[in-house]
Every structure is written in structure tokens, then in C-alpha cells.
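Supplied in C-alpha cells, the structure appears directly below.
No lab work stands behind these numbers, since they all come straight from the coordinates. Given the structure is predicted, the values throughout are model-derived calculations rather than measurements. Positions of Cβ are generated from backbone atoms using ideal geometry, with glycine treated the same way; all protein chains shown enter the neighbour counts.
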Amino acid sequence: MPELPEVETVKRTLNQLVQGKHIIDVTVRLPRIIQRPDDAEAFAFMLKGHTIQKVERRGKFLRIMLDGLVLVSHLRMEGRYGLYRKEEPIELHTHVVFHFDDGTELRYKDVRQFGTMHIFAAGEEFNHPPLLKLGYEPLDDTFTLGAFKDMLVTKKTKIKVVLLNQAYVVGLGNIYVDEALHRAGIHPERAANQLSDQETEALHRSIISTLSEAVEAGGSSIKSYVNGQGEAGRFQHSLRVYGRKNEPCDQCGQAIVKTVVGGRGTHFCPDCQSLKQHIDV
């Protein structure tokens, strides 16, 4: 958390809030957030005098596009951005402040302190970590059914583990993998390369529909997520299995089960997503 829908929502909000703003200074209050360059003062110096052109997204990463530079920002567990007037008090856990020439400030707050920031020359960000070797964008035209089938056919791992791997498909975290698998009627422990063509097509469709609906709802506010304007998401009200242990499945009434798959808490319906029927075949 946040996953693709939440990061997409932050991207859209930031484009409304900071597009066209001119950076006159940067204050780094927690240097370890800055990964490239590995010096906080150099980071601030590189950004001074630049203007934010727009904000893009790659997987769970924000790409803040400036004139000639790209700032790649990963929110990790609880990172968030907010726009403030410079005279407003700085809240606890605010680690990076971008000062603009109009008297406003973009502040990055991160209670867990896991977020990261990297600066690259424009276009170079895809040739280096953390954006190097990322998989398909599930809401992009390149994420075709054929590409998805070709990717799964070589994977003997459990399907949930495959979908969580950002080298294959980006942006899918624990929430949306559980939801997509339930919509497709697939048990999270099925081997990825054992899915039938019909199941693969259903899963491909459910990934796209789940994420699309979540984006339109502004993401899911399970814990502390809010967008750049402090607004919570609404998709948590539409969750079918995630976080609903022992509650009845909306499709069949069976109690939702929680287990662990690939080290992650996993929710599924034992009736709609039966594993036994596939093992016995």
C-alpha cells in the first residue's frame, strides 16, 4: 500500500496541484530518503530553478517531470504528498519540502520513512533502478491477452506470487491481486502455468476491470492512504474478499478464508475459488 490505483490517483492530484510550479529551493529533513544523488545537498541543488512540467506514473512509482530532469518517487508504505502555504506549520514526519516561487510548498510526509527519491536526466530513468526491468503496465495497451499468456506459460510458481512480482506485471499489490483472483474464480495457490486459456482470459479481464474501477474510485483507503488533497479513496467499500475474513462471499455466501501465500496475507472464497476441483482433475 499504496498500489497502482492509489499512485495513479496521487499522480492525477499532483498534476492539478503542482503542474507549472517553479522550484526555488528544496529542504531535505531526512537524507536517507534521497537515493540518487546520494547527497541531500546535491539533490536540492539539482532541483533548484526547475519547473514541474507534469507528473507521470510507472507501476507504483511517480515520475515528476521537470525541464530536463525526472524525479522518481516511491511512496512505499505510507508516503504522501501535500501542497501547503509556506506559513503553515510543518507536520511531524515531513521529510522533504519543495519550495515554490508562489509561496506554496510541496511537502513529502512519510511516517514509516521507507519512501525513496531518485533524480535522472530525462529519459535516463528507464535505464537504471528502480524503473529498470519493470513488467507490463496492466492498464496500458501493451498488456494484451497474448502477452499475458506468454508470460504465464513459463511460470510454475503460484499465481498470486507471480502477480505480485513487479518484474512481470507492475502495480498489483496484495489488495488487488486478491480481488482480481476472486473475480476470475481462481485459487491463489494455482500454478500460473496450469491455468486454462479460459481462466487466463478471465484473469486478464479481471485485473484490468478491478484496477480500472479502483482508479475511478480514487483507490482504497485501508490504513492511512489519502491523495494529495487529503481525500480518502472509496474502493474499499467494494472489496469482495480482501480484509473480509469470515464474512460471507457476495457470490455464494461461503465464509471468506484468510491464509498466507508467498509470505502475504491472502483472502479468497473456498467455494468460488476452489483448489480441490483442479487438483482432482
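Rg/Rh for the stretch 73-197: what does it come to with C-alpha atoms and Rh from Kirkwood?
When Rh is taken as the Kirkwood radius, the ratio is 1.11.
Using +1 at the C-beta of Lys and Arg and -1 at the C-beta of Asp and Glu, which of 99, 170, 53 has the Cα lying farthest in the positive direction of the dipole of the chain?
170
Moving on to the next point. Which length gain, in nm to one decimal place, applies between residue 12 and residue 132 when the Cα-Cα distance is subtracted from 0.36 nm times their residue separation?
40.9 nm
In addition: Search the structure for amide H atoms under 5 Å from the amide H of residue 122, placed 1.01 Å from N in the peptide plane, and list their residues when 5 or more places away or on another chain.
So residue 122 has HN proximity to 69, 70.
Something else: Given R₀ = 22 Å, FRET efficiency for residue 114-residue 41 by Cβ-Cβ distance, to 0.05?
Efficiency, rounded to the nearest 0.05: 0.45.
I'd like to compare 255-261, 51-57, 74-80: which one has the highest average count of other Cβ atoms within 10 Å, and what's the full order after that?
The densest-packed peptide leads the list: 74-80, 51-57, 255-261.
Going by average Cβ neighbours within 10 Å, how do the peptides 170-177, 145-152 rank, with the highest at the top?
Packing proxy ranking, top to bottom: 170-177, 145-152.
Something else: Quick check for me: using +1 on Lys/Arg Cβ and -1 on Asp/Glu Cβ, what's the dipole size of the chain about its Cα centre, in debye to the nearest 20?
My answer is approximately 660 debye.
Which of 194, 166, 251 moves the most in a Gaussian network model of the chain with Cα springs under 10 Å?
Per the Cα network of the chain with a 10 Å cutoff, 251 tops the list.
Using every Cα-Cα pair within the chain, state what percent have a distance larger than 26 Å.
Result: 46 percent of Cα pairs exceed 26 Å.
Quick one: among 117, 65, 46, which has the greatest mean-square fluctuation in a GNM of the chain with alpha-carbon springs under 10 angstrom?
46
For the chain, set up a Gaussian network in which alpha carbons nearer than 10 Å are linked by springs, and say which option among 212, 73, 196 fluctuates the most.
Of the options given, 196 has the highest mean-square fluctuation.
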